[in-house]
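This report concerns only the one structure given below.
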Amino acid sequence: MNENIEPELSIVIPVFNEEGSLERLHGEIVQCLANTQYEITYIDDGSTDSSRTILTNIQKNARNVRLIQFRRNFGQTAALSAGFRYARGKIVVPLDADGQNDPADILKLVKKLKDEGVDIVSGWRKDRKDNSFTRTFPSKMANWLIGKITGVRLHDYGCTIKAYRAESLKAIRLYGEMHRFIPALARWGGEKVSEMVVNHRPRTTGRTKYGLSRTFKVILDLITIKFLASFSTKPIYVFGGLGVFCFIGSFISGLVVILMKLLQDFSMNRNPLLIISLILMTTGVQFVLMGLLAEIMVRTYHESQDRPIYLIDKIVEPESVKTETAC
Ligand code: UDP
Ligand code: MG
């Protein structure tokens, strides 16, 4: 491969303690992509087994392999994020290092991406080979919930193998466990997303790095992205709205306390509604103040990075400006 030419295709593989599968997987990729111009980026996410040595050997013996070594384990999202940043291909395909994704699907995904002219093709492990109680079932629920909340319905958000147009990854910043939400974030940014059934194979070596706890993280991330997407430029609407809601509750219960005193001579300080009214009043004030603080933070966020609050596809300038710039 000529190193100066940007490759058509970048494969990105996060690795955390996968010594048993790396060599075989690398061999499979090389075989499947024999006639393609591509590069592979392995990210060693702080492995403590012999993965690092194996990857160093693979990198030494190939001309198209990049190796990024993390100082410690930062997680799959961080590893993918680093891989996306350094990948130079026009199309980027991430893949699990454990061999559960089938490299034979890479070119199929790329073909679909090109044929359909979309920005992302997401893999769908229709026949998933994982424990059904701890993995497949929670994943079905999570996919349903993510589809409902984001409005972008995909069968399998958690599937790592996807084909991305490189530009669609540039604008997206990843935190937490958020790599799975890229298709939703991209669709919100006006990109086209489609889906393709991919092969899924059982894990033959090593252990899965995740358990049931991931479902909770996914739900928390989901709340975050929904909040950021809907209100990141106007947080006072959320917090202020909740504040107003509390004020109304406080007013009503305060009124009831007074009416009970006047009409039934019910002692005000023995009435639990008085406490509810006070709590709601304090919470309401807190919400409004939190909203105002969030407004200040949002302004700092957007202005310090010169981030606009909109996304432009294209600007068509008037003829006069075009001729001026052409001169
Ligand atoms: N992985 C990683 N860092 C982590 C956890 C996982 O780079 O902290 C990698 C792991 O090596 C594998 C991929 O992410 O290549 C998916 O992990 P795993 O197979 O454990 O997830 P599952 O397929 O069980 O969802
Ligand atoms: Mg796996």
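The values are calculated or read from the model by the stated rules, or taken from the named source; none is laboratory data. Not measured: the values here are computed from a predicted model. All Cβ positions, glycine included, derive from the backbone under ideal geometry; neighbour counts span all protein chains shown.
General remarks:
- Being buried (at least 22 other Cβ atoms within 10 Å of the Cβ), within 16 Å of ligand 1 (Cβ to nearest atom), within 21 Å of residue 177 (Cα to Cα) and modelled with pLDDT under 95 is a description that applies to residue 157.
- Taking region 39-96 as the range and being under 25 Å from residue 176 (Cβ atoms) and without any contact (Cβ under 8 Å) to a residue 24 or more places away in the chain as the test, only 85 passes.
- Filter result for residue 165 (surrounded by 15 or more Cβ atoms within 10 Å (Cβ to Cβ), within 16 Å of ligand 1 (Cβ to nearest atom), charged (D, E, K, R) and in contact (Cβ under 8 Å) with a residue 12 or more places away in the chain): no
- The lone exception for residue 123 - which of (1) within 16 Å of ligand 2 (Cβ to nearest atom); (2) in a loop (DSSP other than H, G, I, E, B) it fails: (2)
- Residue within region 207-216 that is in contact (Cβ under 8 Å) with a residue 24 or more places away in the chain, more than 30 Å from residue 307 (Cα to Cα), more than 15 Å from ligand 2 (Cβ to nearest atom) and assigned to a loop (DSSP other than H, G, I, E, B) present: yes
- Hey, residue 20 small (Gly, Ala, Ser), within 16 Å of ligand 2 (Cβ to nearest atom), surrounded by 16 or more Cβ atoms within 10 Å (Cβ to Cβ) and in contact (Cβ under 8 Å) with a residue 12 or more places away in the chain or not: yes
- In summary, residue 112 fulfils each of the numbered conditions (1) basic (Lys, Arg); (2) within 16 Å of ligand 1 (Cβ to nearest atom); (3) surrounded by 15 or more Cβ atoms within 10 Å (Cβ to Cβ) with the single exception of condition (2).
- Boolean, residue 46 is in contact with a Phe, Trp or Tyr (Cβ under 7 Å, 6 or more places away or on another chain) and surrounded by fewer than 22 Cβ atoms within 10 Å (Cβ to Cβ): yes
- Taking the criterion of being within 18 Å of residue 89 (Cβ to Cβ) and in contact with an Asp or Glu (Cβ under 8 Å, 6 or more places away or on another chain), the residues of region 5-44 that qualify are 7, 9, 10, 11, 13, 14, 36, 37, 38.
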